[in-house]
Amino acid sequence: MKPEERIAQLRKEINYHLYRYHVLDSPVISDAEYDALYRELVELEAAHPELVTPDSPTQRAGAEPLDAFEKVTHPAPILSLANAFDVADLYAWRQRIGRFLPEPDMPLTYVVEPKIDGLTVVLTYQDGLFVQGATRGNGEVGENITQNLRTIYAVPRRIPVDPQSEIHPPAYLVVRGEVFFPLDKFEAFNEARMAAGEPPYMNPRNAAAGSLRQLDPAVTAERPLSLFCYDIVAWNGGDVPATQWERLDFLRALGFPVSPDVAFCASLEEVAAQYEQWQAKRNQINYEVDGIVVKINDRPLADSLGFVGKDPRGAIAMKFPAQEKTTKLLDVQVSVGRTGVLAPTAVLEPVEIGGVVVRNATLHNYDEIARKDIRIGDTVIVKRAGDVIPYIVGPVVALRDGSERVIEPPTHCPACGEPVTRVPDEVAIYCDNPGCPEQLVRRVEYFVSRGAMDIDTFGAQTAVLLTEKGLIHDVADIYYLKREDLLALEGFQEKKVDNLLRGIEASKTRPPQRLLTALGIRYVGSVVAALLIEAFGSIDALAAASQEALEAVDGIGPQTAVSIVNWFRNPRNQQVLAKLRAAGLQFAAKQPEISETPQTLTGLTFVITGTLPTMSRDEAKAFIEAHGGKVTNSVSKKTDYLLAGEKAGSKLAKAQALGVPVIDEAQLRELAARGLSEG
Ligand code: IVH
């Protein structure tokens, strides 16, 4: 095959796998297989630079920083929507549009979509290729942010994304969507910013906006932005379906991400019911919504109704009640993180926001407090968004009576009393005392947490109790706990102690990258830990590595390298490592056995749910994949087995409803050992 042919083939395949992974959340090949394809493409392109094109997946962040964004005129106005605030407004809207319809009371069907609280983007495709992406701007003219949008995996570079697809998009197609910052990534992202001395973003929407409007696409590329599409703004040279419901299907079929939370409604009553259901649902999804959008399904009819100002009559936004309230800031508590960071937390007069009583809110750091001029005794605006920890928007200055007190940064650690330190260029204030009792509790909590050693029988209260009672002085002491000491503690009966010890024992088999993560070295999270173990093979080799050797690893910068070297140099940490080794934990990666593993699960699709007795879900996934099987996220008729552990929830119910066989961990091991043919 000629290099250009292979390159074209690789790009298609890689883009398809990126789409399976980032849009459908259902990869069909392993990470290792993906990496092999990607590496091959990088090598071929390096050998043939003349064949590199902007739609290549290697060019995600390849463009040079800009001085400013160029202006672009939209092919059609990017409209906004009129608002409704309750069901009465919804019925009033239906009444109002009656006189523009062929018959005022004619039956209509509707599509209800989440009103995503992100940034509108307008994506242009020419002959299937993504050629331009723009912000909404004033609705007529936006800014050209093509190179930033290219860094977002969910934005298709070429449509249809699925090479097997029979669907042909119009030669010219302009799609509207909303870019957002997934909530599950927001908290960690802000923490990393603060650790690096950068100010945190106020909320996910601001983070998305700040990330999209970066002049340097390399910065955008590091942000985990995502996208949902919901409209076709313009097209030419082909057809698009006439109803909104079919248009969403059409967009999905082309490979655009569409929210899974859209609904078809056969009547206005159904729309009203959706609005009620959404009040609860809005806090359970991974993106922020500020309402729903109700659209008349018949698009030519909807479009024929015309506009009021910039708002089309054929759709309406139903806003949710604000998840924002005012309350009194009673006090500021300082907690000590596992790295010693002192984090200020607001103590609030309890206030109900969106069905939850809020008593605390994050204040991020002391620079933030000073910048917003928040004082104790202030009436403050508190906002809650999805699963994000509530935060303080700012004080209501007009309500001050002079009794408010300015909040001073602490000079001493509230837990151990040692003086604090400030690192130049960082906003965080640290307690640098390695013996600080609160840091120890946080380190233990982190060590046993899910992404680390995953000891699920070891809760936060256990961490507090065992350190308080002096049974744990460092994280390695977890492996030296004695049965009789535990039984002597209040509330620790036989069963609880057995469970705890069993969980601790099982964690000894966790691979070294988990252990490395659990050590809690600053800047070494699970992703970096995996890179390091892949590069060095063991924690011992890592401990012996120089700063230069560390920096030679892709993805490791000087800050991280210095932090690692310092951590392993510290005699206290060396002692902890020695104790962990003596307890029998895994310090070295096992040699890959992929070729020797019998491919007994080939062709089988699994879904995993609940807590398994010895494997974490990631380990079970790796186990299945090593045996040639596939793991997806949701149960469907195509699922061969549901692997279920304790506390299995809706997936179990769904599997039972669909007649999908349910197996436990032991049965999985049996299946993997014997294969289907004999079983
Ligand atoms: S439809 C004429 N659908 O909400 C079509 N808008 O004023 C108007 N938004 O800033 C837009 N999710 O960007 C529509 N599913 C959705 C939406 C949505 C979020 C935004 C839109 C605009 C505002 C409406």
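The values are calculated or read from the model by the stated rules, or taken from the named source; none is laboratory data. Bear in mind the structure is a predicted one, so any value in this text is a computation, not a measurement. No Cβ is skipped: glycine too gets one built from the backbone with ideal geometry, and neighbour counts run over all protein chains shown. Side chains are part of the model used for accessible areas, which takes the heavy atoms of the whole protein and leaves out ligands, DNA and RNA. Shrake-Rupley method; radii C 1.70, N 1.55, O 1.52, S 1.80 Å.
List of remarks:
- Only residues that are in a helix (DSSP H, G or I), farther than 17 Å from Phe130 by Cα and of a type outside the set (Phe, Trp, Tyr) were counted across region 229-270, and they come to 8.
- Here Ala208 fulfils each of the conditions (1) of a type in the set (Gly, Ala, Ser); (2) crowded, with 19+ Cβ neighbours inside 10 Å; (3) at positive phi apart from (3).
- Which listed residue is open to solvent by less than 30 Å² (accessible area, probe 1.4 Å) and free of Cβ contacts under 8 Å to residues at least 40 places away in the same chain, from Thr632, Thr639, Thr609: Thr639
- For the residues Asn83, Asn138, the requirement of being within 16 Å of the ligand (Cβ to nearest atom) and under 20 Å from Lys295 (Cβ atoms) singles out Asn83.
- When His74, His48, His17 are screened for being without any contact (Cβ under 8 Å) to a residue 24 or more places away in the chain and surrounded by 12 or more Cβ atoms within 10 Å (Cβ to Cβ), only His17 passes.
- If the condition is being in a helix (DSSP H, G or I) and under 20 Å from Ala588 (Cα atoms), then region 538-560 contributes Ile539, Asp540, Ala541, Leu542, Ala543, Ala549, Leu550.
- Scanning region 119-137 for residues that are closer than 17 Å to Ala68 by Cα and either open to solvent by 10 Å² or more (accessible area, probe 1.4 Å) or free of Cβ contacts under 8 Å to residues at least 60 places away in the same chain (or both) turns up Gln132, Gly133, Thr135, Arg136, Gly137.
- The set of residues in region 103-118 being touching a residue at least 40 places away in the same chain (Cβ under 8 Å) and either more than 13 Å from the ligand (Cβ to nearest atom) or more than 16 Å from Ser267 (Cβ to Cβ) (or both) consists of Pro107, Leu108, Thr109, Glu113, Pro114, Lys115, Ile116, Asp117, Gly118.
- Residue within region 260-278 that is more than 12 Å from Lys115 (Cα to Cα), surrounded by 18 or more Cβ atoms within 10 Å (Cβ to Cβ) and at pLDDT below 90 present: no
- Flag if Ile521 is buried (at least 16 other Cβ atoms within 10 Å of the Cβ) and modelled with pLDDT of 95 or more: no
- Strands (runs of 3 or more DSSP E) completely within region 278-387 that count 2 or more residues being in contact (Cβ under 8 Å) with a residue 60 or more places away in the chain, within 16 Å of the ligand (Cβ to nearest atom) and in contact with a strand residue (DSSP E or B) (Cβ under 7 Å, 6 or more places away or on another chain): 289-296, 315-319
- Among residues of region 281-305, those that are open to solvent by less than 60 Å² (accessible area, probe 1.4 Å) and out of contact with any helix residue (DSSP H, G or I) (no Cβ under 7 Å at 6 or more places or on another chain), counted: 9
- When Asp239, Asp162, Asp231 are screened for being more than 20 Å from the chain's Cα centre (by Cα) and within 16 Å of the ligand (Cβ to nearest atom), only Asp231 passes.
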